[in-house]
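Below: one structure, written as structure tokens.
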Amino acid sequence: MILQALNQYYDRLAADPKQNIAPFGFSRQKISFCIVVEPDGTLASFQPVVSEVVKGKPLPENLIAPGQAKPPGAGLNPCFLWDNVTYLLGVVPEGREAEWAEKRFEAFRDRHLAVEKEISDEAFSSVCRFLKRWQPSQVADHPELADMTKNFGAFRIRGREGYVHDRPAVQEWWRKQTANQSEGEIGRCLVTNETLPLARLHEPKIKGVRDAQSSGALLISFNLDAFESYGKTQSYNSPVSEKAAFQYATALNRLLDDMDRRAQIGDATTVFWTETPTPAEKIVSPFLGGYIPPAQEGEDNELLAALKAFLDCLRKGKRDELASQLGTPETKYFILGLSPNASRISVRFWLSGTLGELGTGLARHIRELDIVGLPDERPPTLRDLLRETAREAKDIPPLLEGGLTRAILMDTDYPQAFYQAILRRIGADRRITPNRAAAIKVVLIRNYGKEIPMSLDVNRPEAAYHLGRWFALLEKIQRDQPGSEKLNTTIKDRFYTCASATPAAVFPRLIQLSQHHLRKIENPGLRITREKQTQEIADRLNVFPRRLNLEDQGLFHLGYYHQNRDLYTKKEEPKE
């Protein structure tokens with residue numbers, strides 16, 4: 001299903017001339033310089049190739065070139081009409097001998113001279129004449145090469161547009177070579193159901209997954225005999241044609257390179273796309289990943305405006321407007337989460353459905369997430385919620401992002417592991433942030449069937465909720481006494497974790513301690529107010545529970561959070 005969806009996305013890109021997607025047998029390469037050759041084969045000049053300058057740094061141009069990524073290793077592996085400066089000109093890298101570089105130049109030269117007559121193109125013949133004349137020793141006469149040869153180079157003919165590798169005769173010859181040089185077995189492709197040469201290695205490699213190998217990694221590979229069966233070696237165990245492997249890998253690389261469709265969720269590099277072009281492709285990934293661009297003064301930030309309109313539709317349940325924000329409800333969407341795994345890539349999660357289902361799930365999630373203390377313009381994103389489950393981002397449980405993403409988008413129960421992780425973090429650092437309170441709220445609503453309001457509810461029936469309220473009030477009484485700002489620790493630092501799990505062991509002592517704190521409050525009106533508030537909560541409790549289960553612990557934290565927000569909301573000061 002994943003490979004089929006990616007292949008369909010490749011077909012969509014290939015049908016759009018504006019996308020300029022690499023066809024089968026070709027790849028995108030970073031070209032930072034070109035060798036300009038006269039028609040007779042003499043050198044005209046070396047010229048830098050710059051796509052744009054970012055912060056004073058020139059960026060190479062991404063061009064479609066014959067072949068795949070530069071093969072690794074120390075063996076002789078010349079590319080066709082493009083390569084690094086050692087193969088193109090015989091430049092000696094630091095730490096290498098001149099003989100080593102000369103062999104690589106000769107391999108590049110001989111590969112092209114051997115097919116000159118077969119290609120029969122005047123521009124290609126000009127390159128061949130240049131390669132015959134060029135000597136690696138001439139590099140010393142061109143110091144300008146040092147500033148422009150950090151990536152790959154290609155060839156151009158002076159006075160003519162385009163690169164030599166783009167010539168029709170060259171491209172036609174290369175396509176024939178690609179079709180004829182396959183050494184793979186012939187079999188039925190699992191992706192397209194066609195009988196074609198099968199890929200032994202799936203190329204091009206996947207690039208752009210955070211913490212994976214920078215040179216690229218494989219989504220499908222078999223590197224041990226234990227993974228093989230029925231006499232099938234390497235990727236013949238999962239028969240995918242060379243063409244389908246190229247198309248899915250190329251489409252995935254394009255998605256990973258597109259910041260509009262890419263988001264980082266935990267350790268999973270996540271991409272989002274739809275079966276046809278939709279507005280959702282620009283707003284869903286930033287929403288999931290937590291990237292909401294800041295508004296620039298004097299600039300019309302279209303993405304920011306679209307995200308704000310999208311969030312407004314989600315909060316208010318505007319289904320008709322939501323459809324226009326995302327696209328046709330029947331359109332399918334796809335979400336793929338990838339994580340690094342040595343030299344390979346593992347699929348962390350895979351979700352698909354319709355945009356209508358996506359909008360319904362997101363709208364319910366945003367409404368249930370709403371709680372006092374959250375900023376109106378930016379509710380917590382998926383990444384924000386995951387970040388609350390661990391002390392550092394690297395400690396987020398690796399399987400959590402898939403389950404949480406699935407719950408949000410497909411309108412199902414939240415993972416119990418997510419809820420438990422939030423409770424553990426609160427117990428460890430005794431902090432209840434708005435994001436944590438919101439996370440507890442959505443789990444109690446969705447998983448436990450509770451009706452949880454945005455703010456303080458003094459009439460709730462659950463004892464655990466009122467115990468949390470009582471603890472917040474006891475802490476406030478301690479802070480109301482003179483000199484409390486000099487306290488190194490409060491009752492929250494010492495007793496909160498125990499109180500939220502085993503109230504009977506802690507609350508009698510806290511109540512006794514609060515009487516001491518109340519007597520120190522100098523304002524009689526404030527003291528009376530606190531006594532009344534304490535009595536109002538005490539009247540709702542018959543007995544202190546010996547132990548609170550996970551559901552009640554969440555209610556305790558929410559009661560504490562709601563009461564705290566209410567206590568610290570500015571009100572009219574009580575009169576003496």
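The values are calculated or read from the model by the stated rules, or taken from the named source; none is laboratory data. Computed from a predicted model, the values in this text were never measured in an experiment. Here the Cβ positions follow ideal geometry from the backbone for every residue, glycine too, while neighbour counts run over all protein chains shown.
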Quiz prompt | Test for I432: is it modelled with pLDDT of 95 or more and closer than 30 Å to V284 by Cα | solution = no
Quiz item: What pairs can you find where one residue is in region 392-414 and within 23 Å of I366 (Cα to Cα), the other is modelled with pLDDT under 85, and their Cβ atoms are less than 6 Å apart, with a gap of 6+ or different chains?
Solution: I396/G266; E401/I265; E401/G266
Self-check item: Within region 482-512, considering residues that are of a type in the set (F, W, Y) and in contact with a Leu (Cβ under 9 Å, 6 or more places away or on another chain), the one farthest from R430 (Cα to Cα)
Solution: F507
Quiz item: Pairs, please: C-beta under 6 Å, at least 6 apart or cross-chain, first residue part of a helix (DSSP H, G or I) and in region 528-546, second of a type in the set (F, W, Y)?
Solution: I537/W470
Quiz item: Identify, please: which residue in region 509-527 is assigned to a helix (DSSP H, G or I) and either touching a Pro at 6+ places or on another chain (Cβ under 7 Å) or polar (S, T, N, Q) (or both) and is, among those, surrounded by the fewest Cβ atoms within 10 Å (Cβ to Cβ)?
Solution: Q512
Self-check item: From the options R387, R424, R406, residue that is in contact with a Leu (Cβ under 7 Å, 6 or more places away or on another chain) and of a type in the set (K, R)
Solution: R406
Quiz item: Among the numbered criteria (1) modelled with pLDDT of 90 or more; (2) under 32 Å from the mean Cα position of the chain (by Cα); (3) surrounded by fewer than 16 Cβ atoms within 10 Å (Cβ to Cβ), which single criterion is violated by L63?
Solution: (3)
Quiz prompt | Which listed residue, of P375, P379, is farther than 30 Å from A212 by Cα and in contact (Cβ under 8 Å) with a residue 60 or more places away in the chain | solution = P379
Self-check item: Single match in R469, R431, R436 (criterion: within 15 Å of R565 (Cβ to Cβ), basic (K, R) and outside any helix (DSSP H, G or I))
Solution: R431
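Within region 180-190, work out how many residues are in contact (Cβ under 8 Å) with a residue 40 or more places away in the chain and out of contact with any strand residue (DSSP E or B) (no Cβ under 7 Å at 6 or more places or on another chain).
Residues meeting the conditions: 1.
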Practice problem: Name the one entry in V92, V54 that is β-branched (V, I, T), more than 19 Å from E144 (Cβ to Cβ) and without any contact (Cβ under 8 Å) to a residue 60 or more places away in the chain. | Solution: V54
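Out of R547, R479, which single residue is over 19 Å from A437 (Cβ atoms) and either among the aromatic types (F, W, Y) or touching a Pro at 6+ places or on another chain (Cβ under 9 Å) (or both)?
Of the residues listed, the single one that is over 19 Å from A437 (Cβ atoms) and either among the aromatic types (F, W, Y) or touching a Pro at 6+ places or on another chain (Cβ under 9 Å) (or both) is R547.
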Quiz item: Mind checking which residues of region 415-431 are touching a residue at least 40 places away in the same chain (Cβ under 8 Å) and charged (D, E, K, R)?
Solution: R430
Quiz prompt | Residues of region 261-291 that turn out to be over 23 Å from D11 (Cβ atoms) and among the aliphatic types (A, V, I, L, M), as a count | solution = 5
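Would you say Q47 is under 18 Å from T149 (Cα atoms), touching a Cys at 6+ places or on another chain (Cβ under 8 Å) and part of a strand (DSSP E or B)?
Numbers: under 18 Å from T149 (Cα atoms): yes; touching a Cys at 6+ places or on another chain (Cβ under 8 Å): yes; part of a strand (DSSP E or B): yes.
So Q47 passes the test.
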Practice problem: Could you run through region 395-453 and say how many residues are at positive phi and among the acidic types (D, E)? | Solution: 1
Quiz prompt | In region 203-253, residue nearest to the chain's Cα centre (by Cα) [restricted to those that are among the basic types (K, R) and at pLDDT 80 or above] | solution = R210
Practice problem: Would you check which residues across region 88-99 are assigned to a helix (DSSP H, G or I) and surrounded by 14 or more Cβ atoms within 10 Å (Cβ to Cβ) and list them? | Solution: L88, L89
Quiz item: Inside region 15-58, can you point out the residues that are under 26 Å from L252 (Cα atoms), of a type in the set (A, V, I, L, M) and touching a helix residue (DSSP H, G or I) at 6+ places or on another chain (Cβ under 8 Å)?
Solution: I21, A22
Self-check item: When residues of region 547-565 are limited to those that are touching a residue at least 60 places away in the same chain (Cβ under 8 Å) and polar (S, T, N, Q), the one nearest to R469 (Cα to Cα)
Solution: Q563
Quiz item: In region 472-502, how many are hydrophobic (A, V, I, L, M, F, W, C), part of a helix (DSSP H, G or I) and either farther than 23 Å from E536 by Cβ or not assigned by TED's automatic domain parsing to the domain that holds Y560 (or both)?
Solution: 2
Quiz item: Mind checking which residues of region 315-374 are surrounded by 16 or more Cβ atoms within 10 Å (Cβ to Cβ), touching a strand residue (DSSP E or B) at 6+ places or on another chain (Cβ under 9 Å) and of a type in the set (A, V, I, L, M)?
Solution: L326, I335, L336, L338, I345, L351, L355, L358
Quiz item: What residue, among those in region 530-551 that are surrounded by fewer than 20 Cβ atoms within 10 Å (Cβ to Cβ) and charged (D, E, K, R), is nearest to N447 (Cα to Cα)?
Solution: E551
